[in-house]
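S.K.: After the structure tokens below, expect a handful of questions from me.
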Amino acid sequence: SQQGEEDPQALSIQEGENATMNCSYKTSINNLQWYRQNSGRGLVHLILIRSNEREKHSGRLRVTLDTSKKSSSLLITASRAADTASYFCATRGANSKLTFGKGITLSVRP
Amino acid sequence: DSGVTQTPKHLITATGQRVTLRCSPRSGDLSVYWYQQSLDQGLQFLIQYYNGEERAKGNILERFSAQQFPDLHSELNLSSLELGDSALYFCASSAGLAPDTQYFGPGTRLTVL
């Protein structure tokens, strides 16, 4: 079963707009990670936030984590057509296993 | 390019057959993970090997098996294939046993007819 559940399932925005994607999970975590997957290709690690962190930035990416609500959000600012992809949140508990959500399909219109 | 290689890229086979998927991790990485991605199940963790030993098991069927060789490359063996085994199979690698980042290969698309 999926640990992370992303929301919305699909998102379509105009280039230049911000994209916000949410992830909720069920059990306690060591860290939460976001990955991007271009159509039919391998996943690429974007950003990681540890359970004792609340916010992290990397370039145009901002991720927040609320462990009390068991939720995270990924914000992509000033989106570009090249950001069109599927985005997955993944949680890691005490063991080495990463559990992925079903993903969010982001379409950025030029 | 993540540095993880997988072969073959595409595989078409018939039900009941057996196939082997191969993965070479990034140079220096000791952990190899296998995942299955399908439309209905999403991305499912199958199994992890660390330095030749099995370390974690996920939703791997008994018909599937894997191993990691002394040179650290890994193979995933799928036998008695069924239509439902059609999926993308990804290999990922990481430096340590419980890493923060996994580096994914490009995947093998398996089609069972």
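The values are calculated or read from the model by the stated rules, or taken from the named source; none is laboratory data. Remember, it's a predicted structure, so these values are computed and weren't measured experimentally. Cβ coordinates were reconstructed from backbone atoms using ideal geometry, including for glycine residues, and neighbour counts include every protein chain displayed. What goes into the accessible areas is simple: the full protein's heavy atoms, side chains included, and nothing from ligands, DNA or RNA. Shrake-Rupley method; radii C 1.70, N 1.55, O 1.52, S 1.80 Å.
S.K.: Working only within the range B:64-113, note down all residues that are away from chain A (no Cβ under 14 Å) and open to solvent by 50 Å² or more (accessible area, probe 1.4 Å).
M.R.: B:Ser65, B:Gln67, B:Phe69, B:Pro70, B:Asp71, B:Ser80, B:Glu82, B:Leu83, B:Gly84, B:Leu113
S.K.: Would you kindly identify the strands (runs of 3 or more DSSP E) lying entirely within the range B:58-113 that contain at least 2 residues that are farther than 25 Å from A:Ala94 by Cα and touching a Lys or Arg at 6+ places or on another chain (Cβ under 9 Å)?
M.R.: On the way: elements: B:64-68, B:74-78, B:87-94, B:108-112.
Passing ranges, in order: B:74-78, B:87-94, B:108-112.
S.K.: While we're here: Before we move on, is B:Leu21 touching a residue at least 40 places away in the same chain (Cβ under 8 Å) and under 14 Å from B:Leu78 (Cβ atoms)? Give the derivation first.
M.R.: Numbers: touching a residue at least 40 places away in the same chain (Cβ under 8 Å): yes; under 14 Å from B:Leu78 (Cβ atoms): yes.
So B:Leu21 fits the description; yes.
S.K.: Counting only residues that are of a type in the set (S, T, N, Q), surrounded by 18 or more Cβ atoms within 10 Å (Cβ to Cβ) and at the interface with chain B (Cβ under 10 Å from one of its Cβ atoms), which one in the range A:87-99 is farthest from B:Ala98 (Cα to Cα)? Write out each step before concluding.
M.R.: In the first step, residues of the range A:87-99 are kept if they are of a type in the set (S, T, N, Q); the result is A:91, A:95-96, A:99.
With surrounded by 18 or more Cβ atoms within 10 Å (Cβ to Cβ) added as a condition, the list becomes A:91, A:96, A:99.
This time we only want the ones that are at the interface with chain B (Cβ under 10 Å from one of its Cβ atoms), so: A:96, A:99.
Values: A:Ser96: 4, A:Thr99: 13 Å.
So the residue we want is A:Thr99.
S.K.: Which residues, counting only those in the range B:24-45, are over 11 Å from B:Tyr103 (Cβ atoms), assigned to a strand (DSSP E or B) and more than 10 Å from every other protein chain (Cβ to nearest Cβ)?
M.R.: B:Ser24, B:Trp34, B:Gln36, B:Ser38
S.K.: Looking for whichever is of a type in the set (D, E, K, R) and within 12 Å of chain B (Cβ to nearest Cβ) here; the options are A:Lys69, A:Lys56, A:Lys102. Which one fits?
M.R.: A:Lys102
S.K.: Would you pick out the residues in the range A:11-32 that are open to solvent by 40 Å² or more (accessible area, probe 1.4 Å), within 11 Å of chain B (Cβ to nearest Cβ) and either among the aromatic types (Phe, Trp, Tyr) or under 12 Å from the mean Cα position of the chain (by Cα) (or both)?
M.R.: None; the set is empty.
S.K.: Related question: Answer yes or no: is there a residue in the range A:33-45 that is surrounded by 18 or more Cβ atoms within 10 Å (Cβ to Cβ), touching a His at 6+ places or on another chain (Cβ under 9 Å) and more than 10 Å from chain B (Cβ to nearest Cβ).
M.R.: yes
S.K.: Would you confirm, using the coordinates I've provided, whether A:Thr20 is more than 19 Å from B:Ser2 (Cα to Cα) and either at pLDDT 95 or above or part of a strand (DSSP E or B) (or both)?
M.R.: Details: more than 19 Å from B:Ser2 (Cα to Cα): yes; either at pLDDT 95 or above or part of a strand (DSSP E or B) (or both): yes.
Yes; evaluated as a whole, the condition is true for this residue.
S.K.: Tell me, please, whether a residue that is more than 12 Å from every other protein chain (Cβ to nearest Cβ) and of a type in the set (D, E, K, R) can be found in the range B:55-63.
M.R.: yes
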